[in-house]
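Take a look at the structure set out below.
Derivation of every value follows stated rules applied to the coordinates shown; laboratory data play no part. Please read these numbers as outputs of a predicted model, since none were measured by experiment. Positions of Cβ are generated from backbone atoms using ideal geometry, with glycine treated the same way; all protein chains shown enter the neighbour counts.
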Amino acid sequence: MVASVSVVEDVPPADYSKHGLTREKLLWMWRKMVEIRLFEEKVEELFLVKGLLIGPAHLCYGQEAIAVGAVAALRSDDPIISNHRGHGHALAKDIPPRLVMAELFGKAAGTCKGLGGSMHVAIYPEKGALYSSAIVGSGIPIAVGVGLALQREKAGRVAAVFFGDGAVNTGAFHEGMNLAALWRVPVLFICENNMYAMSTKVERTMAVESIAARGLAYGVNCMAVNGNDVAAVYAATAQAAERARRGEGPTFLECKTYRRKGHGVYDKAEYRPPGEVEEGLKKDPLTRFRRVVLEAGLLTAAEMDSLENEVKREVEDSVKFAQSSNVLSFSELEKYVYFVGE
Amino acid sequence: MVASVSVVEDVPPADYSKHGLTREKLLWMWRKMVEIRLFEEKVEELFLVKGLLIGPAHLCYGQEAIAVGAVAALRSDDPIISNHRGHGHALAKDIPPRLVMAELFGKAAGTCKGLGGSMHVAIYPEKGALYSSAIVGSGIPIAVGVGLALQREKAGRVAAVFFGDGAVNTGAFHEGMNLAALWRVPVLFICENNMYAMSTKVERTMAVESIAARGLAYGVNCMAVNGNDVAAVYAATAQAAERARRGEGPTFLECKTYRRKGHGVYDKAEYRPPGEVEEGLKKDPLTRFRRVVLEAGLLTAAEMDSLENEVKREVEDSVKFAQSSNVLSFSELEKYVYFVGE
Amino acid sequence: MRELTYSEALREALREEMLRDSRVILMGEDIGVYGGAYKVTQGLLEEFGPERVRDTPISESAIVGSAIGAALMGLRPVAEIMYMDFMTICSDQLVTQAAKMRFMSGGKLSVPMVVRTQYSLGRVHGSQHSQFFPVWFLNVPGLKVVLPSTPSDAKGLLKAAIRDEDPVLFVETGLLYRMKGPVPEGEHFVPLGKAEVKRRGNSLTVVAFSRAVHEALAAAQKLEEEGIEAEVIDPRSLRPLDLAAILDSVRRTGVLIIAEDDVKTGGIGAEIAASVMEEAFDYLDAPILRVASPDMPVPFSPSLEREYMPNSDKIVQAARKLLK
Amino acid sequence: MRELTYSEALREALREEMLRDSRVILMGEDIGVYGGAYKVTQGLLEEFGPERVRDTPISESAIVGSAIGAALMGLRPVAEIMYMDFMTICSDQLVTQAAKMRFMSGGKLSVPMVVRTQYSLGRVHGSQHSQFFPVWFLNVPGLKVVLPSTPSDAKGLLKAAIRDEDPVLFVETGLLYRMKGPVPEGEHFVPLGKAEVKRRGNSLTVVAFSRAVHEALAAAQKLEEEGIEAEVIDPRSLRPLDLAAILDSVRRTGVLIIAEDDVKTGGIGAEIAASVMEEAFDYLDAPILRVASPDMPVPFSPSLEREYMPNSDKIVQAARKLLK
Ligand SMILES: Cc1ncc(C[n+]2csc(CCOP(=O)(O)OP(=O)(O)O)c2C)c(N)n1
Ligand SMILES: Cc1ncc(C[n+]2csc(CCOP(=O)(O)OP(=O)(O)O)c2C)c(N)n1
Ligand SMILES: [Mg+2]
Ligand SMILES: [Mg+2]
């Protein structure tokens, strides 16, 4: 059995370059984190204020550093598997916001032509967003099979699958992790521990403290990292990915973060104890990153603001694009059920 | 997280009485182990030589010490849940061999009136054999619910569920263990590690060495014991049961043993490497027990032989009983599908 | 009569049964602190405490499995599976374990438990959270399957399900939770296996389940304007099925439509059609038609989902086709 | 023509497809070292190595799940689930994941995979190892469902399933593994969705699936002595279903029996009956009868199991009833 969980420390800005975090990369990270944040804020408004969107939507703000840090450490052709809380994964994989937004509006221009919806926006194989399951835990065994194919391919690609703290209690997690360890597939199992599964706090779902340690039972490499430090997530993912590319098998990476709002967009999350939310908000990954890189003089406020403005426009544009797009005609649907020829 | 697996040492005969292993108990253990052994030998003969039995049957010889040691440490009203390899569990729970044999023959006098068959002989609630599932792993979550009821009852009862090394790779195991730990139910999860799941050696099903250590991931008490030493199994079970009765929750107990023959009665088990079987046979729990208690002067050869003869007759009688019994009439079956009144 | 929403009616049933019988316990994801994804169990944790209202991890197999174990020991668990889609995760426990226990044990074991779940077709949830496949459980002897369509039935049938000695799958309709309807005060009990004629008529029979009952009633309203008197029958439970009530009606009308939210091919309408034909062949004036979901997964896009769903217009069209 | 057993024919199909296409890989419990619980995969580990023939732990969800992942990446996995009963464990993966991927992705994802399984009714395996419930998968658009009844079909259909671009559930019949039958040499391919008339006749139509095909043929033999010429049709796949072939026959004979091993209520016969009635109502001279398993779990006792099973006598009785 692997001895213990390796805890990846927060990365001080002085070490950024050592980790390969170039200016270009930092700018990209900022851009993407802001993009996700503003996108989610817009989505919330479209649901709650404008009433233009309906259905379930699980926003990921507060968790931007995980999608962004992890994806930044992967190659663009490394496939990822997402879940019900997947807007951030999609955007981090460089899927244009307008396509993601169009999917939320159920339009033909959406990533899934409007057939998937919020829980499946990150299905866009063109950009390495291979699949997204809305069934908690189910993406995990699927990722093992993806890893199998990558292993065979011998091109050094790795796969990453994202899931929540709640997912580690599913049978699918267990079966998938065990098989992954046995087959030594190049897969990163990235657990976004946001402290809650719906209304249920993580400590009410398991009698042990460490989620990361669960991986020890399978013999996979286990790591834990502060999910609010995008550089640390990046470093941990890079390390795990290198390991996998060298043929040393899977890693289970727990990223600790906090779900800033409700489970779904309509959830007021009144079940959270007083004080907790304030504590959680203090750890905001965007605020943290901005402060750190400004203090260290790695980026300037001006360039960060300008990116933010750029993103703002892009998000606004995504709404216009989505609204002005068409819905598939019902008669077309038939051809997506079974293969009908190229 | 619980620190580590507690390994229960083999119990030297000098310590038997300290563990509450009275002469009476030792005689019972011998009787039951012999009963299971001779019963299984008879079943094998009925299948392979006489051709009187058909269908799947998973014999448990070589594993007698687990059923017997564990059940000896439980109260007669402690419910057990068995699995596809359950003849031994049934007999250890003091179900008369003739009823078990009648079930194998599909007769109305069988434990399940002939409707269950070999994989369900240990369904006989009258004797605390609550249920037996033929689906690997599925008994585990069910045992959690049994434990919930016992917890509520506050009568100090505990439940035990038996399963194989293969079962720990099922999702049901994971979900059940986690819930058991969370709810602190008085349940003993007894894994009979006989080194094989069908043709698949345990090391080919998991990338870690210790099955017992898997329990650590859930925060349950984990123990490992030599499953060929009936006294050690007894001691470990007694310890775990006491703990559970005190309200301290579940235990995962790995009993290491060896499957002497094939997976099912027809399996010649040619997939086993040369030498392994001989090694395995050397650890035979009956031979060991007999040697130990005779050497220590705890039982006499005469009384052991006489019990053996008694059992021999009983097993023979069970076959006659089963053969001369009737099959239910088909028209009766309807009334077992749904409740039809007392 | 006072009016309750469908979810209030369900809650009342749970509460009354919990008050009446201390063996009734609840288990499921987010049913306690949160009061259930659809608020059906709201307030019950506070009233009955965490021993009887148990939040669980996301472990559907263990939810149903532990409910089975508890039921075997004489408790009366009611497990909640948040979406019917997740029944595909725990069907070993319900189908291969619970449904067979009485039989396999030669009648000795009893598993008095209820699995409550709901399907969300029409709530813009996409392919993985909108599935409705009662036929799976109809095809499993040993199970009972209940499909309430009104607040009153929801309450009465849930009480009956909880008191039943056999495992019951109780499938609620997500879209109906906020629907209001009259529910009798006091003890209100609807036995399983008794259809209700929701509207009388002699021109044709519409057998409908769950949400489709309301579409059938709306269709009947429209047909009335054309002088067509549709009889609408809601069997309310699929197993046991009140085939006699359906046959009575079909023998009178000679024409049958089955309205159902599930996918047409291999759905529950097929069984109704086949059974009716077997028993009342000579009374049928026309082929039995099924108005059901088309043979495809549920599209997310709200407007496409609306087109996808069976509705009163589609029932009206089927009726016109049959009666022309 | 040379004769092969049903399992030899399956093995030949696997082997030929593995030789033809290196993307074909196998995964399942005991399929490698042991050669499969029914020896279908015997010798393939030796020939193709452990990369392509993968033994797995007892993890049905992960078997199907990892097959899906591999298929998404362009491999052609064939997963073996030892008993159909265990499909109740992994149906989330097959039903809620694989079957919906193409649709949910707007046609971008393709999941060319096969899940091979078998049902053991008639092999004295008891209630938990004898279940046959193809209707579950018939009710799931996006899946294909294949039910081969002869060695020749087993081979040809399995090859077609492996080359198919969609997820296919391939349900073998445990009782038939040792059955011998002619199998053409060389490339032998049976497209999915094409029924075969296994015997011609004009008095009545018997549509039969899997093992029941042989019971239907035996029944036809007996009926011939009474001057009744039964036509026996084996649709071979349920999805796609060759309804046209069935309708052709029924329009000629006017009388239809469906013989099936699954439980009658909510079974596949219901769908066939309902569809035929919808399309050929005016041609039917009598109600469509279903000869199926009774509505109860499978009893273990060998003699009771024999009584339980659909057989040629029951088909003959149904035919007499219809034609009297
Ligand atoms: C198998 C399954 N059970 C339940 C649900 C309903 N559900 C959707 S998300 C969710 C909570 C998931 O929590 P977690 O895994 O921590 O992810 P998070 O939502 O916090 O990102 C639940 C219970 C589901 N989609 N799938
Ligand atoms: C879920 C499930 N998968 C597969 C099987 C087929 N099967 C029956 S027993 C068995 C091996 C079980 O191995 P283990 O758990 O070690 O128990 P043992 O037979 O060694 O006692 C298998 C694969 C089953 N019954 N249930
Ligand atoms: Mg969470
Ligand atoms: Mg074993």
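Relative to the dominant Cα principal axis of chain D, helix D:268-280 is inclined by about 60°.
Counting beta carbons within 10 Å around each of D:K194, A:K320 and listing the fewest first gives the order A:K320, D:K194.
Which of rounded, prolate, oblate describes the stretch B:94-221, given a ≥ b ≥ c as roots of the alpha-carbon gyration tensor eigenvalues and a/c under 1.5 marking rounded, otherwise prolate only if a/b is larger than b/c? Because a/c hits 1.5 or more and a/b fails to exceed b/c, the stretch B:94-221 counts as oblate. Across chain A, the mean sequence separation of Cα contacts (distance under 8 Å, 6 or more residues apart), normalised by length, yields a relative contact order of 25 percent. Taking other C-beta atoms within 10 angstrom as a stand-in for reagent exposure, B:M119, B:M206, A:M29 fall in the order B:M206, A:M29, B:M119, fewest first. What FRET efficiency, computed as 1/(1 + (r/R0)^6) with R0 = 45 Å and r the Cβ-Cβ distance, is obtained for B:E248 and B:K201, rounded to the nearest 0.05? Efficiency, rounded to the nearest 0.05: 0.85. A:V11 sits among other residues whose Cβ lies under 10 Å from its own Cβ, and their net charge, with Lys and Arg +1 and Asp and Glu -1, is -3. Across the identical copies, the label point of D:H188 (7 Å from Cα in the Cβ direction) is separated from its matches by 6.4 nm, in order from shortest.
Beyond a 32 Å Cα-Cα separation, which of these cross-linked pairs lie in this structure: A:K32/A:K282; A:K42/A:K283; B:K50/B:K127; B:K268/D:K198? Going by Cα-Cα distance, B:K268/D:K198 fall outside the 32 Å limit. Two tests apply to each whole DSSP H helix in chain B, Cα reach of 24 Å or more along its axis and mean Kyte-Doolittle hydropathy of at least -0.5, and the ones passing both are B:23-48. Considering only A:V100, A:V293, A:V277, the Gaussian network model of chain A with Cα springs below 10 Å gives its largest mean-square fluctuation to A:V277. Phi angles of the stretch C:194-209 translate, via the Karplus equation with coefficients 6.51, -1.76, 1.60 and θ = phi - 60°, into HN-Hα couplings of 10, 5, 10, 7, 7, 7, 8, x, 10, 7, 7, 10, 10, 9, 9, 10 Hz per residue; Gly and Pro are given as x. Of all beta-carbon atoms in chain B, the one sitting closest to the axis that brings chain B onto chain A gives B:G171, 1, with the distance in whole angstrom. Taking the Cα centre of the stretch C:196-323 as reference, the dipole from Cβ charges on Lys and Arg (+1) and Asp and Glu (-1) amounts to some 120 debye. A Cβ-based charge dipole, computed about the Cα centre of the stretch C:1-113 with Lys and Arg at +1 and Asp and Glu at -1, lands at about 560 debye. Given R0 = 51 Å, the distance between the Cβ atoms of C:E279 and B:E316 translates into a calculated FRET efficiency of 0.45. Residue by residue, the stretch B:130-137 carries 3J(HN,Hα) couplings of 6, 6, 8, 9, 8, 9, 4, x Hz when phi is fed to the Karplus relation 6.51 cos²θ - 1.76 cosθ + 1.60 (θ = phi - 60°); x denotes Gly or Pro. When a/c reaches 1.5 or more, the comparison of a/b and b/c decides; with that in mind, is the stretch C:15-102 rounded, prolate or oblate per its Cα gyration tensor? Since a/c reaches 1.5 but b/c is at least a/b, the shape of the stretch C:15-102 is classed as oblate.
Averaged over peptide A:31-40, the number of partner chain Cβ atoms lying within 10 Å of each residue's Cβ comes to 0.
Compute the long axis of helix D:151-163 from its Cα atoms, compare it with the longest principal axis of the Cα atoms of chain D, and write down the angle in degrees, 0 to 90, nearest 10. Computed tilt is about 50 degrees. Against the longest alpha carbon principal axis of chain D, how many degrees, from 0 to 90 and to the nearest 10, is the axis of helix D:6-20 turned? Roughly 40 degrees, rounded to the nearest 10.
Counting other Cβ atoms within 10 Å as a rough exposure proxy, the listed residues A:T287, D:T96 run A:T287, D:T96 from fewest neighbours to most. Each Lys or Arg adds one and each Asp or Glu subtracts one; over the other residues with Cβ under 12 Å from the Cβ of D:L192, this totals +1. The stretch A:33-54 and the stretch B:1-62 have Cα centres spaced 64 Å apart. Around the amide H of B:I81, modelled in the peptide plane, lie the amide H atoms of B:A160, B:V161, B:F162, all under 5 Å away and 5 or more residues distant in sequence or on another chain.
Basic side chains Lys and Arg get +1 at the Cβ, acidic Asp and Glu get -1 at the Cβ, and with that the dipole of the protein assembly as shown about its Cα centre reaches some 680 debye. Averaged over the residues of D:258-266, the number of partner chain Cβ atoms lying within 10 Å of the residue Cβ comes to 5. Between copies, D:E46 shows label-point distances of 7.1 nm, shortest first, with the point placed 7 angstrom from Cα along Cα to C-beta.
For the residue pairs A:K312/D:K108; C:K155/C:K222; C:K155/C:K314; B:K335/D:K39; D:K194/D:K222, the alpha carbons lie more than 32 Å apart in B:K335/D:K39. Relative contact order, whole percent, for the stretch C:3-182 stands at 27, derived from Cα pairs under 8 Å and 6 or more residues apart.
For B:G20, the point set 7 Å out from Cα toward Cβ sits 6.0 nm from its twins in the other copies, listed from shortest up. Along the Cα-to-Cβ line of D:R251, 7 Å from the Cα, sits a label point; which residues in the stretch C:262-297 have backbone N less than 13 Å from it? In the stretch C:262-297, the label zone of D:R251 (backbone N under 13 Å from the point 7 Å along Cα→Cβ) covers no residue. Among residues other than A:V277 with Cβ under 14 Å from its Cβ, the summed charge is +2 (Lys and Arg +1, Asp and Glu -1).
For the stretch D:222-277 and the stretch C:125-168, write down the distance between their C-alpha centroids in whole Å. With the stretch D:222-277 and the stretch C:125-168 each reduced to a Cα centre, they are spaced 31 Å. Using R0 = 41 Å, the C-beta based FRET efficiency linking A:T300 and A:E278 works out to 0.85. Once C-alpha pairs closer than 8 Å and six or more residues apart are averaged by separation and normalised to the residue number of chain D, the relative contact order reads 16 percent. When the label point is put 7 Å from the Cα of C:L19 along its Cα-to-beta-carbon vector, which residues of the stretch C:165-193 have a backbone N closer than 14 Å? Correct set: C:185-188.
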